[in-house]
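Down below is the structure, laid out as structure tokens.
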Amino acid sequence: MATRNVDVAVVGTGPGGYVAAIRCAQLGLSVAAVEDDRPGGVCLNWGCIPTKALLRNAEVVNLFERAAEFGIRLAGFEANYAEAIQRSRRVADRMSKGVEFLFRKNKITLVPGRGVLKSRDTVEVAGTGGNETIQAKAVILATGSEPKSLPGVPIDEKTVISSNGAVRSERSPKSIVVIGAGAVGVEFADVYAAYGAQVTILEALPRLVPIEDEEVSKELARAFRRRSIEMKTGVKVASVTPGGPGVIVETDAGKVEAEQALMAVGRGAKVTGLGLEALSVRLDRGFVRVSPRMETSVPGVYAIGDMVGPPLLAHKAMAEGVVAAEAIAGRSPRPLDYGNVPACTYCRPQIASVGLTEAKAREAGREVSIGKFPFTANGKAVALGDTEGFVKVVADKASGEILGVHIVGPEATEIIHEFAVGRTLEATLEEIIHTIHAHPTLSEAALEATLGALGQAIHI
Amino acid sequence: MAITKVVMPKLSEAMETGKIIKWLKKEGDRVQGGDILAEIETDKADVEMEAFGAGVLRKILVSAGEKAPVGTLIGVIAEPAEDIAAALASAPAPAVAAGAGAASSARKDTRPEAAPVPPTAPAPGQPLRPAVVSTPAPAVPAVSAGAVGIPAPALTASTAVATGRVKASPLAKKIAAQTGVDLRLIRGTGPGGRIIRRDVEAATVTVATAPVTVAAAPVTAPIVPGVEYEDRPLSQIRAAIARRMPLSKAPVPHFYVTSEVAMDRAWELREELNALEGQPKISVNDFVVRACALALLKHPGVNASFQGESIRVWHRAHIGIAVALEDGLITPVLRDSHAKSLAQIAVEARDLAERARARKLRATELSGATFSISNLGMYDVTEFSAIINPPEGAILAVGSVRRVAVVDDAGLGVGRRMALTLSCDHRVMDGAMGARFLQDVKRLLEEPLRLLV
Ligand SMILES: Cc1cc2nc3c(=O)[nH]c(=O)nc-3n(C[C@H](O)[C@H](O)[C@H](O)COP(=O)(O)OP(=O)(O)OC[C@H]3O[C@@H](n4cnc5c(N)ncnc54)[C@H](O)[C@@H]3O)c2cc1C
């Protein structure tokens, strides 16, 4: 068996792994990156990127439907779902190729195949082109996560599908039950509804996007209702069985029949078959336990991304990749501030948040002041014809500290960063309001909500 | 049923440790919310501590006579059947500075956490790059100061460079302004040494078991009978003053405005009022308090505090009235003075002063002043100036009412005069504003009937 000697072996090339590999290379280390699927991981191939391409299609379809509002008469149009999927594949392919390009540029060796940790400095790869052993001074694990299901509900990717099937299948169902109303669930609900499916969302907790601020959940539910998406919250799914048009979902609040069911009940870390048990790498509630430098309980073995725990987000994985690489290179990386990771959901209206919800801030004993500004009062939003939602700022009453910001509405996911930067710099409400915001922009709603928290909003 | 952890409460802004004077409940006693559990001596006063939960006082962890840092678990209230082991286990190691703990754990994050690796590099877990960069930064004195129990600001004062622009985050500045922390005395742990929120918080909550200097026996035998000097231990209150006052005097740019007030009519009015049956006795100071309260409403710019990036202007006059004690000074607060009559002020101010001397003030009576008055009139002081209590913006120093020769239309006569000196925070106001306020106080005192309407 061939043996390869490198400074760092990276297992998995999702946003965690490929960023860690590049940062290691930048710091002068030699790197081999093992991947048993496609470079770029779930994010670029089966997650973030293709779904964003599909959501863009959904948005375009929606604009066509509203053409008359803009004085544009169409003689009719056809939205072809198979072509939407094909487009999303082209987008994903391009991004994955981009990772391969970056690897070449940084002289990172891509080793196709499945990696297993044999010892703290050895990774064995069962490759498509033969097996090989990688000897490394440090190992970074970045194997990501995979969809979970409910007990007793197997995912066949035909009638009961996960996001894996959903991003691949060119068939758009006439009806679908989406089980789970987290980010993945509501994004697919949006896409299927835009392509004409009758969508029913089931959520066990009392509201959609349950980790977001309550008012955000309410606004999203209102928007979905307007688009005739059915929602049942606070319901428990008892069983999912074949029957009817495809599947029958039994719940404690009656049954729902549809062509397909999409399981979007969360993801679990990929930690099995990796050789972790033999090395006694410590786990914590199913995720790999790491120090603030991303090192596992085994010195020299690092882990990053979805496999080390929530939030299961690509940008968190990337930031952890940088920390691990710098720690290995002997730098003193600044540990991640997990309280300041923005979370974005790309359904319409979009959702973005950072920091504490109002309820969490109050629970933490903070005396808060709230500023809220609706997009209906924002000139740019009105001009765009996109006025759903609001910006909500939760601040500490005494110091003006920005405790949390919750945006639902057009381009929410772009607006949020002003507050993330502000929080990193420990800006208070004052610094935001003294920053002149260009007019007309959606970001003015951020300014107004901030003014609102000080009782000084102008445009409402 | 809930288990209630009883912790050493933070009873004032400056409080760092408290001493249990006595427990009013003993282990096994049933208590209800609101019952007085213990009496606590703080740096400022003796305060009664109430119970917040109901149940049985199962355990007392800090006994009478002992001190504990703010936040330390000092007792547990629970039902008799409840297992309180977990609550007890969470008891923080006493006398360890909480603030310093927070700071040093943050520091620790950058340190390699791997178990020691054999020295032969490059072993897994060792940095692959030259080791220099991987060694943790040496502990910064400012941060470790807390760990030995000395408030960080006090220790770093001598080493800090008190010049130039302070690099601090906006939030750090704001919190510092609110808590009266001098940013120049803090070392930043943010990027490039920037002072960030946690640094300021560490400086304010650093729980100090202020080492009390014990009177040392003279080392050499005295040459002359009688010792030349003695070192007296600092009382809690004196230690607090020593710690806090430099935090005011150095960063708060003081300026002073003095004015002399003709007190003849106020004096007469006071004698008349005090001759009335069934009316509370009114002191000169009560007149001053009432005059200030009314003037503060009219001059909110004086009733204000510096907030770093803004000035907080108060629309209510909570006046701190300095009371001299054997071993220091305490400033109970007469809340909403502007809404109180002269008689009400007289009654409440007397009550506050008496309870201050008996050390029976409640915690809420010691904080929240927007302005203070310090009166040394009883000591035959012509005039003096006082140091501002941050975050207040001004303090009025009141001298004695003296009988002096005056010349008026009727020729040479004898009049009563009193000097008032206003110390102002220049960041909040300027001379003219202070002077206008003082003029109004003077006018109110010289036309004292205005104080009655
Ligand atoms: C439908 C969907 C939409 C999403 N949308 C967003 C979004 O909009 N924004 C966002 O921030 N996040 C989103 N996410 C989450 C995001 O995809 C993940 O957080 C991110 O991919 C995690 O990155 P990672 O590097 O930890 O692992 P992954 O991206 O999961 O990559 C791990 C890679 O390692 C490979 N691998 C695993 N085991 C081995 C092995 N033994 N040997 C070799 N290779 C191995 C896998 O095949 C995979 O390619 C979405 C997820 C899904 C499913």
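Annotations for the structure displayed:
- Taking every DSSP beta bridge that has both ends in region B:245-451, the antiparallel portion is near 80%.
- Prolate/oblate/rounded label for region B:4-89 (Cα gyration tensor, a/c 1.5): prolate
- Summarising the amide proton neighbourhood of A:GLN350: residues at separation of 5 or more, or on other chains, whose placed amide H is nearer than 5 Å comprise A:GLY409, A:GLU411, A:ALA412.
- On association of chains B and A, roughly 2400 Å² of accessible area becomes buried (total for both chains; probe 1.4 Å).
- Over region B:245-451, Cα pairs under 8 Å with separation of 6+ residues give a relative contact order of 31 percent.
- Solvent-accessible area, 1.4 Å probe, carbon plus sulfur percent, for region A:160-265: 51
- Apolar share of the accessible surface for region B:311-407: 53 percent from carbon plus sulfur atoms, 1.4 Å probe.
- Interface burial in region A:414-452 reaches 30 Å² or more for A:LEU425, A:GLU426, A:THR428, A:GLU430, A:GLU431, comparing the full protein assembly with the chain by itself; accessible area from heavy atoms with a 1.4 Å probe.
- Qualifying GluC sites (Glu not before Pro) in region A:74-179, DSSP loop, other Cβ atoms within 10 Å at most 16: A:GLU78, A:GLU157, A:GLU170
- Among B:345-354, A:201-210, A:268-277, the order from most to least packed when residues are scored by Cβ within 10 Å on average: A:201-210, B:345-354, A:268-277
- Accessible-area composition of region B:4-89, carbon plus sulfur, in percent [1.4 Å probe]: 51
- The value of relative contact order for region A:84-213, using C-alpha pairs under 8 Å at least six residues apart, is 14 percent.
- Cross-link pairs exceeding 23 Å between alpha carbons, from the set A:LYS397/B:LYS10; B:LYS26/B:LYS67; A:LYS232/A:LYS372: A:LYS232/A:LYS372.
- Between helix A:81-105 and chain A: long-axis angle, C-alpha atoms, 0 to 90°, nearest 10: 40
- For residues of A:330-338, the mean tally of beta carbons on other chains within 10 Å: 4
- Here is the size of region A:349-453 from its Cα atoms: Rg then Dmax, 12.8, 40 Å.
- Amide H contacts of A:ALA33: A:VAL10, A:THR109, A:LEU110, A:VAL111, each under 5 Å away and 5 or more positions distant or on a separate chain (H built 1.01 Å from N in the peptide plane; Pro and chain starts excluded).
- Among beta bridges that DSSP assigns inside chain A, antiparallel share in %, nearest 5: 60
- Cβ-derived FRET efficiency at R0 30 Å, A:GLU363 paired with A:ARG89, nearest 0.05: 0.10
- Rounded to 10°, Cα long-axis angle of helix A:15-26 versus longest principal axis of chain A: 60
- Per residue, region B:4-89 exposes an accessible area of 43 Å² to a 1.4 Å probe, with every protein chain left in place.
- Gyration tensor (alpha-carbon) shape descriptor, chain A, a/c threshold 1.5: oblate
- Loop-located trypsin sites (Lys or Arg not before Pro) in region A:377-446 whose Cβ has at most 14 other Cβ within 10 Å (DSSP): A:LYS397
- Taking every lysine pair in region B:245-451 that is 8 or more places apart or spans two chains, those with Cα atoms closer than 30 Å amount to 11.
- Antiparallel content of DSSP bridges confined to region A:160-265, in %, to 5: 40
- Ordering B:438-450, A:65-77 by mean Cβ neighbour count within 10 Å, with the highest value first, yields B:438-450, A:65-77.
- Rounded Å value of the spacing that divides the Cα centres of region A:332-374 and region B:250-264: 48
- Relative to the longest principal axis of the Cα atoms of chain A, the long axis of helix A:48-65 makes an angle of roughly 20 degrees.
- Computed over region A:160-265, the range of Cα coordinates on each principal axis works out to 36, 29, 24 Å, biggest value leading.
- Amide H partners (placed H, <5 Å) of A:GLY300, local residues excluded: B:GLY125
- Averaged over its residues, chain A has an accessible area of 42 Å² per residue, based on protein heavy atoms and a 1.4 Å probe.
- In terms of its alpha-carbon gyration tensor, the protein assembly as shown comes out prolate; a/c meets the 1.5 threshold, and the first ratio a/b outweighs b/c.
- Shielding score for A:394-400, defined as the mean number of other chain Cβ atoms within 10 Å: 4
The values are calculated or read from the model by the stated rules, or taken from the named source; none is laboratory data. Just so you know, these numbers come straight off a predicted model, no measurement behind them. A quick note on method: Cβ atoms are made from the backbone with ideal geometry, for glycine too, and the neighbour counts reach across all protein chains shown. Side chains are part of the model used for accessible areas, which takes the heavy atoms of the whole protein and leaves out ligands, DNA and RNA. Shrake-Rupley method; radii C 1.70, N 1.55, O 1.52, S 1.80 Å.
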